[in-house]
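The values are calculated or read from the model by the stated rules, or taken from the named source; none is laboratory data. Since we're looking at a predicted model, the values are computed, not measured. Neighbour counts run over all protein chains shown; Cβ positions are idealised from the backbone, glycine included. When the accessible area is computed, the model is the full protein with side chains, heavy atoms only, and any ligands, DNA or RNA have been set aside. Shrake-Rupley method; radii C 1.70, N 1.55, O 1.52, S 1.80 Å.
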Amino acid sequence: SLPINIDINLGAGSGQMTFNTTPINNFYSEVGAGKLNVDFNFASIPAGEIHLFVGAGEMNLNLPARVGYTLEYDLGIGDITIDGESISKFSSDRKKYTSANYNESSTKINILVNVGVGSFNIGVL
């Protein structure tokens with residue numbers, strides 16, 4: 001039951017990953033022109049950080065409602081949404097978003113995202 005690092009590189013195509021009880025330390029993902037959906041259940045929330053790179057593709061990250069998070073992002077001309085609501089469509093410098101439940105949550109994570117012309121969405125399980 002040692003925590004592991006996950007490193008996913010998806011060029012084109014699509015993928016769906018669901019982590020139920022896997023102990024994860026850090027999670028890294030790079031999506032080129034594909035689409036990747038990743039679901040973390042509460043027992044598998046990474047203990048370290050989540051680093052995501054999206055080129056022209058799409059990535060959807062789904063987290064349990066009781067997990068608080070900070071999202072630091074660099075965005076080209078793509079789109080970043082939280083629960084389907086756009087928080088940024090164009091950005092020329094690093095920005096930061098903090099979830100509404102961050103201060104009250106006992107489980108917190110840091111998410112670092114770099115999006116080119118693609119899209120990134122955080123949803124709630």
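Miscellaneous remarks
- Candidate set: the range 35-52, residues that are open to solvent by 30 Å² or more (accessible area, probe 1.4 Å) and within 17 Å of residue 118 (Cβ to Cβ); chosen: the one farthest from the chain's Cα centre (by Cα): 35
- Output for the range 77-99, where each listed residue is modelled with pLDDT of 95 or more and small (Gly, Ala, Ser): 99
- Residue that is nearest to residue 75 (Cα to Cα), among those in the range 19-34 that are surrounded by fewer than 18 Cβ atoms within 10 Å (Cβ to Cβ) and under 13 Å from the mean Cα position of the chain (by Cα): 28
- Test for residue 50: is it in a strand (DSSP E or B), without any contact (Cβ under 8 Å) to a residue 40 or more places away in the chain, touching a Leu at 6+ places or on another chain (Cβ under 9 Å) and closer than 17 Å to residue 123 by Cβ: no
- Members of the range 70-89 found to be within 12 Å of the chain's Cα centre (by Cα) and closer than 12 Å to residue 114 by Cα, listed by number: 71, 72, 73, 80
- Tally of residues being among the small types (Gly, Ala, Ser), under 18 Å from residue 37 (Cβ atoms) and either open to solvent by 60 Å² or more (accessible area, probe 1.4 Å) or touching a residue at least 60 places away in the same chain (Cβ under 8 Å) (or both) across the range 74-118: 2
- Matching residues in the range 2-18 - criterion: being in a strand (DSSP E or B) and either under 10 Å from residue 45 (Cα atoms) or open to solvent by less than 80 Å² (accessible area, probe 1.4 Å) (or both): 4, 6, 8, 10, 15, 17, 18
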